[in-house]
Amino acid sequence: MKRTSFFLLMFLCVFLCSGSLFAGDIAVFQNLGFSPDARYFMFAQHGITEKNSAPYAELYVVEVAANRFAPEGTHTLQDSGSPQPAAVQPGQDGLGALFTLLEKQTAVTKRYRIDHLQTGRLLYIHLNGEPPRETLEFRDFESGKRYNIELAQSASGSGAEIKASFHLRVTITDAAGSASAHTVGLPDYWRRGVKSYRLKQVLLGPDEHSLAFVVEKEETDTSGANIRYMVETLKP
């Protein structure tokens, strides 16, 4: 009995200490697929708020060639007519909030012909625990293309006044040696409350040309550091 009480006490200490060390919340990114012609890309993020332990979900449809949200292509659980979810139990990750949001937005999925099975081909992934890289260089062995991607970012201010901007410099060299250079994102757009950016994934669309870049944002607020995601797209 004493042994059980000892381990329970140790577990509670670790749990409470972890909460203080990792204040804030970390969203989970979900690739929800392209349209068959790769004209549109859908993604979502979901998680549990650190402040009140409520699940949240956000859904986005991106127009790939224009690198902008499609009309009526951004949705949250609350603006879909759902009430504020109650606090979840320990161990839950808010995935139910995403399922609820997807069910309410089936018309959006159909409108943009999103195929959840066509999630693209993964060209690059940054694994958790690896140091972030500002410059990537890799080859797609199926097409013979080489990619050089540089994440350029700047930050200004501190505390509540912090803000950061970023863009991607992308060079694509085909199998014949012909290269094309592209700037992806808005170099002069500063996002308030954002501390830094990391490139997490590079996806090739089903047309074998369109690209989706998954970018992680580290945000700061009074509760600590939060992780959110955004997507930049390119159709060379």
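The values are calculated or read from the model by the stated rules, or taken from the named source; none is laboratory data. Worth saying up front: this structure is predicted, and the values here are computed from it rather than measured. FYI the Cβ positions are ideal-geometry reconstructions off the backbone, even for glycines, and counts take in every protein chain you see.
Tally the residues that are touching a His at 6+ places or on another chain (Cβ under 8 Å) and charged (D, E, K, R), restricting the search to segment 170-182.
Counting residues in segment 170-182 that are touching a His at 6+ places or on another chain (Cβ under 8 Å) and charged (D, E, K, R) gives 0.
In segment 100-206, which strands (runs of 3 or more DSSP E) lie fully inside it and hold 3 or more residues that are farther than 20 Å from Arg68 by Cβ and of a type in the set (Lys, Arg)?
Values: elements: 121-125, 135-139, 146-156, 163-173, 179-184, 194-204.
Answer list for segment 100-206: 194-204.
Search segment 85-123 for residues being under 19 Å from Lys51 (Cβ atoms) and crowded, with 16+ Cβ neighbours inside 10 Å, and hand back the single one that is modelled with the highest pLDDT.
Filtering segment 85-123 for residues that are under 19 Å from Lys51 (Cβ atoms) and crowded, with 16+ Cβ neighbours inside 10 Å, the one modelled with the highest pLDDT comes out as Ala97.
Report whether or not Ser196 is surrounded by fewer than 20 Cβ atoms within 10 Å (Cβ to Cβ), under 15 Å from the mean Cα position of the chain (by Cα) and either farther than 22 Å from Met42 by Cβ or aromatic (Phe, Trp, Tyr) (or both).
Taking the combined requirement at face value, the residue satisfies it.
Considering segment 221-236 alone, what residues qualify as being surrounded by fewer than 19 Cβ atoms within 10 Å (Cβ to Cβ), of a type in the set (Val, Ile, Thr) and either part of a strand (DSSP E or B) or modelled with pLDDT of 95 or more (or both)?
Once the filter is applied, which keeps residues that are surrounded by fewer than 19 Cβ atoms within 10 Å (Cβ to Cβ), of a type in the set (Val, Ile, Thr) and either part of a strand (DSSP E or B) or modelled with pLDDT of 95 or more (or both), segment 221-236 yields only Ile227.
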